[in-house]
Amino acid sequence: MIKKLIARGYLVVLLVILYAPILIIAVFSFTEAKVLGNWTGFSTKLYESLFTGGLGNSMVRAIENTVSIGLLSAACSTVLGTVAAVGIHNMRRGKGRRAITFLNDIPMLNPDIITGISLFILFVAVGVTQGYATVLLAHISFCTPYVVLTVMPRLRSMNPNIYEAALDLGATPSQALWKVIIPQIRSSMLSGFILAFTLSIDDFAVTLFTKGNGGLETLSTYIYADARKGGLTPELRPLMTLIFLAVLALLTIINIRSARSKNNNR
Amino acid sequence: MRVKRSTWAYPYLVFLILFVALPLLMIAVYAFRDAQTGAFTLGNFARFFSTPQDLNTFLYSIQVAIVTTLLCLVIAYPAAWILSKSDFNRSKITVMLFILPMWINMLIRTLATVALFDFLRLPLGEGALTFGMVYNFLPFMIYPIYNSLEKMDSSYIEAAQDLGATPSQVFLKVTLPLSMPGVWSGVLMVFMPTISTFAIAELLTLNKVKLFGTTIQENINNGFWNYGSALALIMLVIIGLTSLVGDEGNTRESEKGGLI
């Protein structure tokens, strides 16, 4: 009994420490005080000033960039990754397949800073002006491997004869693709898309190195620039609260989806 | 004759070569090139070993990474063990709560630590750095250890108990060795990102402490691409070595496991 209490207590203490900072930020996003910890009465002014005023403009633009880069890179990674997964799935085991799966693993194992610097050096060497396009390309390069890994297991569990059957029944390969393969892997493609989107909006290091100096900011580089000037400025509190809620929502969706697909497989 | 579907992998292969393999190769090329003449040189590496400031930052970063990893391990193992025991915890939601922070932006978690220290009126500095690092990476240690403990076949433990082992013997001779693969991957998942972090230490120490990642970033930002690449290559080597050691540890442990 005492053992149980100690064990439970340990977990509770750890969870409190893990979540206290986020809770503190969320609570104090509803007051105007400059110094965190001072409570000067309930107010939603910080939330209002987030979306209006001089500060608001640059931040709204950062949010727009984050979302548009997230959606575009997730869409491109999903298409590229799905096509690649179908290809890899149909490759014979051998050098080619090993090479591509090895290369596919690199972006996932590489530390962000190395991925960022390596792409920065590439863009510099080629002479490309860095900005929106280079950030997008960088994000596609580190998101696609995750899409490939999400779609591959679904392909593996698919009955290969169904595709052949469609061809035997007179479907063209592209009809067989759209009417037979895609419907079966659609849900894992969607999971890959959401995963890629989450990774993209969450990224900081790679974006920082590939955004160039034309003034492009995403949310995380915006937060970094702001925090570097003066620590945790009051405006960041509502922003971080909103980001935390967004990540929580996305993760809940991903988890419900994966739980549901497990149930379907049974 | 229809197109073989294995050819569908080729566009992605080209993409990987262009945007994954080539950039890494470029780092290596820049690292061995003189900034002015572009000729082959080992000068960038020589400069690193003869710049005490950078060398010290490098050694200090390794020290921070080791301390962080050890602290995470000491805190995470009991937590993972409790989570995996059905007598103490039956809910998957508790496990989820421990894993969830892995998905929140590192920068945001760091600023959350800053918020905590502000709130408690504690000064930022080395204490905040250690706390912040452990806070950031703890979930990455708990998760793999929990996984290995969770998957463990409980009949091993029962067998040990039946054969008269005391609880501490069961733990030291059965549970711990069988969970070593999880420990190793936890160590890798904490050590590798800690050694490569940047921007975090500055925020936690009000620019008093600099880690190696920041040294690299500053050099790249200030246009010292060749020197920066050399430093990045050094970091890659350290990370490569760590993962080799981790793999080695893992296979050794699983071989041992096979003998049981």
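Name the residues in segment A:1-50 that are open to solvent by less than 80 Å² (accessible area, probe 1.4 Å), more than 7 Å from every other protein chain (Cβ to nearest Cβ), modelled with pLDDT of 80 or more and not in a loop (DSSP other than H, G, I, E, B), would you?
A:Gly9, A:Ile17, A:Tyr19, A:Ala26, A:Val27, A:Phe28, A:Leu46, A:Tyr47 - these are the residues of segment A:1-50 that are open to solvent by less than 80 Å² (accessible area, probe 1.4 Å), more than 7 Å from every other protein chain (Cβ to nearest Cβ), modelled with pLDDT of 80 or more and not in a loop (DSSP other than H, G, I, E, B).
Looking at (1) at pLDDT 95 or above; (2) within 11 Å of chain A (Cβ to nearest Cβ), can you tell me which one B:Arg5 breaks?
Failing condition for B:Arg5: (1).
Just the residues that are open to solvent by less than 50 Å² (accessible area, probe 1.4 Å) and within 12 Å of chain B (Cβ to nearest Cβ), please, taken from segment A:169-193.
Correct list: A:Ala171, A:Ala176, A:Leu177, A:Ile181.
Residues that are under 17 Å from the mean Cα position of the chain (by Cα) and more than 10 Å from every other protein chain (Cβ to nearest Cβ): does segment A:225-245 have at least one?
yes
Does segment A:16-29 contain any residue that is among the small types (Gly, Ala, Ser), farther than 20 Å from B:Phe131 by Cβ and out of contact with any helix residue (DSSP H, G or I) (no Cβ under 7 Å at 6 or more places or on another chain)?
no
With the condition kept exactly as written, say whether any residue in segment B:158-166 is among the β-branched types (Val, Ile, Thr) and more than 22 Å from the chain's Cα centre (by Cα).
Scanning segment B:158-166, I find at least one residue that is among the β-branched types (Val, Ile, Thr) and more than 22 Å from the chain's Cα centre (by Cα), so the answer is yes.
Can you list the helices (runs of 4 or more DSSP H) found entirely within segment B:82-161 that contain at least 3 residues being touching a Pro at 6+ places or on another chain (Cβ under 7 Å)?
Those helices (runs of 4 or more DSSP H) span B:106-119, B:126-151.
For segment A:51-138, give me every one of the helices (runs of 4 or more DSSP H) that falls completely inside it and has 3 or more residues that are open to solvent by less than 20 Å² (accessible area, probe 1.4 Å), in contact with a helix residue (DSSP H, G or I) (Cβ under 7 Å, 6 or more places away or on another chain) and in contact (Cβ under 8 Å) with a residue 24 or more places away in the chain.
A:53-89, A:112-126
From the list B:Phe198, B:Phe212, exactly one residue is open to solvent by less than 50 Å² (accessible area, probe 1.4 Å), modelled with pLDDT of 90 or more, within 14 Å of another protein chain (Cβ to nearest Cβ) and at negative phi. Which is it?
When all the criteria are applied, what remains is B:Phe212.
Based on this model, can you work out whether A:Pro145 counts as surrounded by fewer than 22 Cβ atoms within 10 Å (Cβ to Cβ), closer than 22 Å to A:Gly70 by Cβ and either facing chain B (nearest Cβ under 10 Å) or out of contact with any helix residue (DSSP H, G or I) (no Cβ under 8 Å at 6 or more places or on another chain) (or both)?
Here the answer is no, as A:Pro145 does not meet what is asked.
Counting just the residues of segment B:1-36 that are out of contact with any helix residue (DSSP H, G or I) (no Cβ under 8 Å at 6 or more places or on another chain) and over 18 Å from B:Ile220 (Cα atoms), which one comes out surrounded by the most Cβ atoms within 10 Å (Cβ to Cβ)?
The selected residue is B:Leu18.
The values are calculated or read from the model by the stated rules, or taken from the named source; none is laboratory data. The model shown is predicted, which means the values in this text are computed figures rather than measured ones. No Cβ is skipped: glycine too gets one built from the backbone with ideal geometry, and neighbour counts run over all protein chains shown. For accessibility, only protein heavy atoms count, side chains too; no ligands or nucleic acids. Shrake-Rupley method; radii C 1.70, N 1.55, O 1.52, S 1.80 Å.
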